[in-house]
1. Please work out if PRO243 is away from the ligand (no atom under 15 Å from the Cβ), farther than 30 Å from SER394 by Cα and not in a helix (DSSP H, G or I).
2. What do you reckon, is ILE355 within 20 Å of GLY207 (Cα to Cα), more than 9 Å from the ligand (Cβ to nearest atom) and at pLDDT below 95?
3. From the list GLU169, GLU161, exactly one residue is assigned by TED's automatic domain parsing to the domain that holds VAL39, over 30 Å from VAL274 (Cα atoms) and under 26 Å from the mean Cα position of the chain (by Cα). Which is it?
4. Output yes when any residue across segment 246-269 is closer than 20 Å to ASN360 by Cα, in a loop (DSSP other than H, G, I, E, B) and within 15 Å of the ligand (Cβ to nearest atom), and no when none is.
5. Please work out which one of (1) part of a helix (DSSP H, G or I); (2) within 23 Å of the chain's Cα centre (by Cα) is the condition ALA23 fails and give its number.
6. Assess whether VAL282 counts as being over 19 Å from SER253 (Cβ atoms), among the β-branched types (Val, Ile, Thr) and within 16 Å of the ligand (Cβ to nearest atom).
7. Which condition does GLU361 not pass, out of (1) away from the ligand (no atom under 12 Å from the Cβ); (2) more than 27 Å from the chain's Cα centre (by Cα); (3) over 30 Å from ARG206 (Cβ atoms), if it passes all the others?
8. Evaluate segment 259-269: report whether one residue or more is at pLDDT 95 or above, in contact with a Pro (Cβ under 6 Å, 6 or more places away or on another chain) and within 27 Å of GLY188 (Cβ to Cβ).
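The values are calculated or read from the model by the stated rules, or taken from the named source; none is laboratory data. This is a predicted model, so every value here is computed, not measured. Neighbour counts run over all protein chains shown; Cβ positions are idealised from the backbone, glycine included.
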Amino acid sequence: MADLRQQRVVLGVTGGIAAYKAAELVRLLVKDGVEVQVVMTQSACSFITPATMQALSGRPVFTDMWDPRVSDNMAHIELSRGAGLIVVAPATADFLAKLANGHADDLLSTLCMARECPLLVAPAMNRQMWDNQATRRNVAQLARDGVVILGPASGDQACGETGMGRMLEAQQIHDEINSSLQPKLLAGKQVLITAGPTFEAIDPVRGITNRSSGKMGYAIARAALDAGAQVTLVSGPTNLEAPAAAKIERIESANEMFAAVKKHVRGADIYIGVAAVADYRVAKPSEQKIKRTAANLALELVPNPDILAYCAGLPRPPFCVGFAAESQKLHEFADAKRRRKKVPLMVANLAQDAIGADDNEVTLLDDSGTHTLPRAPKTVLARQLVAYIAKLYSSAKTTRSGTAKDAKDAKV
Ligand code: CTP
């Protein structure tokens with residue numbers, strides 16, 4: 001996982017009322033230990049003062065190409081040297097037009113032109129300016145040029161209107177920056193993930209399911225995307241929003257999940273089975289709603305396919321990762337499961353701790369032994385886990401064994 005304390009970010013601020021949110025963004029990044037170099041346009045200084053940004057970032061703020069503090073007069077090169085990324089927030093319609101057309105007539109636009117790092121922009125403008133054909137063209141061009149467009153959001157605007165064009169909140173921009181700074185450990189890899197519960201119908205209105213929230217699987221999908229992977233997420237019923245960049249397949253039953261996994265697994269480099277798949281389904285779900293009677297009701301259950309064992313047993317299996325939720329004897333049961341399903345890595349957690357919670361503690365079991373990831377938010381654990389999987393995957397590929405014999409070196 002990237003240590004943000006070693007990261008340097010250039011924050012460009014242009015002249016829009018949302019400039020006040022940039023102050024909060026500086027505060028959030030500085031709190032993470034990021035070194036923030038603020039660069040403001042002249043019109044940004046009409047909305048918020050450089051003194052505010054200097055106080056929050058703890059660094060001098062630059063507004064001018066010809067700042068005498070830069071001895072060689074190359075502020076546009078100096079300021080972004082070593083930067084992990086440049087983010088422009090807010091980015092006005094005018095600034096987007098400049099960027100799209102390659103203009104370099106002030107410090108910030110020149111700095112963006114001369115960059116070697118990724119560029120993120122958070123547009124902020126009146127809804128008609130956002131809808132204007134010229135802005136649409138400029139945004140499309142920037143996306144083609146590889147610039148990451150963050151938002152905008154829809155809502156109340158400073159001009160009194162309501163619509164698209166509000167800058168994202170500082171926290172959302174902070175999270176996008178954090179994602180962008182993650183090391184691309186899975187660049188170019190196809191990762192297939194199952195998440196959430198399955199739902200096995202009893203009749204048209206009832207079914208058998210479990211308490212899995214899908215939070216861990218979705219967090220892993222997000223972390224794998226941040227690590228540069230292409231992600232397919234096969235998800236049972238959840239209330240969660242899938243990461244926009246993931247290919248999502250929504251299913252209900254274990255059999256539907258199995259069909260979706262079979263469709264995607266052949267192209268996958270890595271398969272991560274996070275879903276809590278129902279072990280049984282009703283043999284013959286009733287076509288009509290079952291009516292209450294005084295008599296006992298017996299449901300005949302038949303076993304569902306084991307999706308993880310199927311993937312691991314393919315002639316050329318992807319690198320398979322399983323999740324074991326146990327209510328007792330965690331290590332013993334999880335290790336037995338790992339061996340039975342023949343997967344190189346099993347992630348074990350106590351079911352009563354994990355289900356539905358926002359944080360968790362997990363133990364990783366592989367050929368090198370066990371390794372505990374201490375209690376942390378699932379989003380943090382997901383990143384640690386993806387880093388671990390990436391290490392094991394590359395050593396497994398090197399040894400061509402399909403299991404990770406070199407896993408001792410794999411540190412989170
Ligand atoms: N799994 C699967 N297909 C199933 C059952 C489980 O792919 N029909 C996967 C899960 O996605 C998880 C791993 O197997 O990665 C372990 O799931 P778990 O429910 O703990 O294992 P079971 O084999 O069902 O064992 P048990 O319920 O008896 O503990």
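1. On the way: away from the ligand (no atom under 15 Å from the Cβ): yes; farther than 30 Å from SER394 by Cα: no; not in a helix (DSSP H, G or I): yes.
No, not satisfied.
2. Numbers: within 20 Å of GLY207 (Cα to Cα): yes; more than 9 Å from the ligand (Cβ to nearest atom): yes; at pLDDT below 95: yes.
Yes, satisfied.
3. On the way: GLU161 fails: under 26 Å from the mean Cα position of the chain (by Cα).
Matching residue, one of GLU169, GLU161: GLU169.
4. Here is the first cut: in segment 246-269, the ones closer than 20 Å to ASN360 by Cα are none.
So far as segment 246-269 goes, no, none of its residues is closer than 20 Å to ASN360 by Cα, in a loop (DSSP other than H, G, I, E, B) and within 15 Å of the ligand (Cβ to nearest atom).
5. Of the numbered conditions (1) part of a helix (DSSP H, G or I); (2) within 23 Å of the chain's Cα centre (by Cα), the odd one out for ALA23 is (2).
6. Details: over 19 Å from SER253 (Cβ atoms): no; among the β-branched types (Val, Ile, Thr): yes; within 16 Å of the ligand (Cβ to nearest atom): yes.
Criteria not met by VAL282.
7. (2)
8. Yes, segment 259-269 has at least one match.
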